[in-house]
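J.: The structure is given below, and queries will be raised subsequently.
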Amino acid sequence: MSKKFSLPAWQKTILKAIATSDIGKIIVWGGGTALADMYLGHRRSFDLDFFVDNPLTNGEVDSILVVLRDLNIKKVNYKQEKNRWFYFVSDKNSEIKLEFVYYPFTRLQKPKTTEYGIKVESLTDLIANKTFALYERAEPKDVYDLYAIMQNRKMSLEKLLQLAHKKFGVDLDPVYFTAQITKAIEKVDLIKVLLFEKDDLRKELENYFVPKIKQLVLKRIPR
C-alpha cells in the first residue's frame, strides 16, 4: 500500500501555529489524520486530534481560541463534552474539527517531533489506540486503518490485542473484537469518499480479515 495522502496546507498552518504556542508544549497529535499524514498515507483525513495528560484549564481553552482566531479563520465554534474539547473551524471551502482529549494512559513509546514542530504519537501507540477504538465503537475508519497497518507492518490480530493490553491494561475479548471488525466492515461504504481504493472494498476487507479472524479464534479455543 503506497503512501498517497499528505495533509492540506490549511491543516499544516494550524498545526504550526499550535506548535509555537504555549498549548503546543502540553499536547501530542494523534488519531487518523496523524496516522495517515505521518506514517501510512493510506486514506484522506482532515480533522485534528490531540491528547493531553491533564484536563485543560479555562486559560488553556481560551489560549487555543486565541491561536485559531489569530490565523484569521472565518469561523470558530467551541464546545466541551466531559474531558473532550472541540473546536470547529471554518474556511471558505470547508470545516474541520479540532479535538483535545484528556488521555491519561502511559505511552508505549516516546512521541516524535514532526516537521510542523508539534509532537506526534508513535506508530506503536497509534496502533494500540486504533485497536481499542475499534473494539469500543466498530467504526469503518478504524477497521480500514487497522487493515492498512496490518498490511504495512505485517501484524496479526493477536499482536494488535497485545499492544492494546499493554497500553490500557485491559484484556479485550477476542470474540467480541472480531465481531466489531465484521460490523465495521459492513459500514465501510460510508467512508468511500476518504479512500483511494474504492472498488469492491467490502469484499477486499472480508477476504483479508476472515482467515485472520478464524486463526485468532482457533488459537484461543482450549484444547
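The values are calculated or read from the model by the stated rules, or taken from the named source; none is laboratory data. Only a predicted model underlies this, so the values are computations on that prediction, with no experimental measurement involved. Virtual Cβ from ideal backbone geometry, glycine too; neighbours counted across all protein chains shown.
J.: I'd like the residue in region 1-37 that is in contact (Cβ under 8 Å) with a residue 40 or more places away in the chain and among the hydroxyl-bearing types (Ser, Thr, Tyr) and, out of all such residues, is nearest to Asp62 (Cα to Cα).
T.: The extreme case among them is Ser21.
J.: Show the residue pairs that are 6+ apart or on different chains and have beta-carbon atoms under 8 Å apart, the first residue being within region 42-69 and within 17 Å of Asp142 (Cα to Cα), the second being of a type in the set (Ser, Thr, Tyr) and buried (at least 21 other Cβ atoms within 10 Å of the Cβ).
T.: These pairs meet every condition: His42/Tyr144; Arg43/Tyr144; Ser45/Thr33; Phe46/Thr33; Asp47/Thr33; Leu48/Thr33; Asp49/Thr33.
J.: Could you tell me whether Tyr135 is in contact (Cβ under 8 Å) with a residue 24 or more places away in the chain and in contact with a His (Cβ under 9 Å, 6 or more places away or on another chain)?
T.: No.
J.: Those residues that are modelled with pLDDT under 95 and either of a type in the set (Lys, Arg) or part of a strand (DSSP E or B) (or both), I need them from region 1-24; list them, please.
T.: Selection gives Lys3, Lys4.
J.: Residues that are within 19 Å of Ala19 (Cβ to Cβ), modelled with pLDDT of 95 or more and in contact with a Leu (Cβ under 8 Å, 6 or more places away or on another chain): which strands (runs of 3 or more DSSP E) entirely in region 47-164 hold 2 or more of them?
T.: Those strands (runs of 3 or more DSSP E) span 48-52, 84-90, 95-102.
J.: Another question, if that's okay. Tell me, yes or no, whether region 76-83 has at least one residue that is surrounded by 13 or more Cβ atoms within 10 Å (Cβ to Cβ) and under 23 Å from Asn129 (Cβ atoms).
T.: Going through region 76-83, the residues surrounded by 13 or more Cβ atoms within 10 Å (Cβ to Cβ) turn out to be 76, 78, 83.
Those still in the list that are under 23 Å from Asn129 (Cβ atoms) too: 83.
Scanning region 76-83, I find at least one residue that is surrounded by 13 or more Cβ atoms within 10 Å (Cβ to Cβ) and under 23 Å from Asn129 (Cβ atoms), so the answer is yes.
J.: For Met38, all conditions in the list (1) touching a strand residue (DSSP E or B) at 6+ places or on another chain (Cβ under 6 Å); (2) not in a helix (DSSP H, G or I) hold save one; what is the number of the exception?
T.: Of (1) touching a strand residue (DSSP E or B) at 6+ places or on another chain (Cβ under 6 Å); (2) not in a helix (DSSP H, G or I), only one is false for Met38: (2).
J.: Under 27 Å from Leu48 (Cα atoms) and surrounded by fewer than 14 Cβ atoms within 10 Å (Cβ to Cβ), is that true of Lys187?
T.: no
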